[in-house]
């Protein structure tokens, strides 16, 4: 009997030790926040031609709504922000190879990104829309047989490809970024651009263009910050800091600067 209980005790001890070791290994594996703090910088990956979220100003500095948010988050975490331009089409690869700590640039949430990344809580609402130069193109039906531009590797591209509007188009033309697509619209190379409403309206106002945003969009969506799957500690720290900024009014202050509300 003593041997039996001794065996049970030994097994229980072994299981407890194993669980403890597993917890330590798991805790050790998620050094994401400590690593950023030790480095003293938080590396943010972005498409640097995505105003007003993240883009280059006339002096070639990277600025934007997301940049201001991230700068404040970093200040509260005690680290410096480093912005790292990336190819949007290769963003997951840039993240997973460790070149950046997060993807933070008006990134729309979809099931594929939720599967590939550890996403923050949504922090901003958006709508996917068509913008046109020709006033005769007043609705989705008018875009049939037309050339529609879209950013390569974006959720807009996936949505457009699967939509009736996309299937009815003469051609879907992919561009590396929305700015180039909008410039091609301006030159008459395409008939419409399918993109984020926030980006379209900001571009129209800042460039004084008499373009139309069609009332018929294809989808409402939200933006989130993307982290590596295992980087839960870093994700949680950024997430809780953004929540604190919403609670104390700093988020609204930054929003008013870029959106006037």
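In the chain, the longest principal axis of the Cα atoms and the axis of helix 250-259 are about 20 degrees apart. First check a/c for segment 126-221, with a ≥ b ≥ c the square roots of the eigenvalues of its C-alpha gyration tensor; if it is under 1.5, answer rounded, and if not, answer prolate when a/b is larger than b/c or oblate otherwise. Rounded is the answer for segment 126-221, as its axis ratio a/c remains below 1.5.
Note: relative contact order over segment 23-173, using C-alpha pairs below 8 Å and six or more positions apart, is 20 percent.
For segment 53-179, the square roots a ≥ b ≥ c of the C-alpha gyration tensor eigenvalues yield an a/c of 1.5 or more together with a/b exceeding b/c, which makes the shape prolate.
Distance from the alpha carbon centroid of segment 205-261 to that of segment 71-111 works out to 14 angstrom. Mind pulling the angle between the C-alpha long axis of helix 2-29 and the longest principal axis of the chain? Nearest 10 degrees, somewhere in 0 to 90. With rounding to tens, the tilt is 30 degrees. Computed from the C-beta positions of residue 243 and residue 183, the FRET efficiency with R₀ = 45 Å rounds to 0.75.
Counted by neighbouring Cβ atoms within 10 Å, the residues 210, 57 run from fewest to most as 210, 57. Potential lengthening of the chain between residue 222 and residue 41 amounts to 62.5 nm, from the contour at 0.36 nm per residue minus the alpha-carbon distance. Axis angle, to the nearest 10 degrees, between helix 65-77 and the longest C-alpha principal axis of the chain: 20 degrees.
Multiplying the residue separation of residue 207 and residue 114 by 0.36 nm and removing their Cα-Cα distance gives an extension gain of 30.1 nm.
All of the numbers you see were taken from the coordinates with simple rules; none came from a lab. All of these numbers come straight from a predicted model, not from anything done at the bench. Positions of Cβ are backbone-derived with ideal geometry, glycine not excepted, and every protein chain shown enters the neighbour counts.
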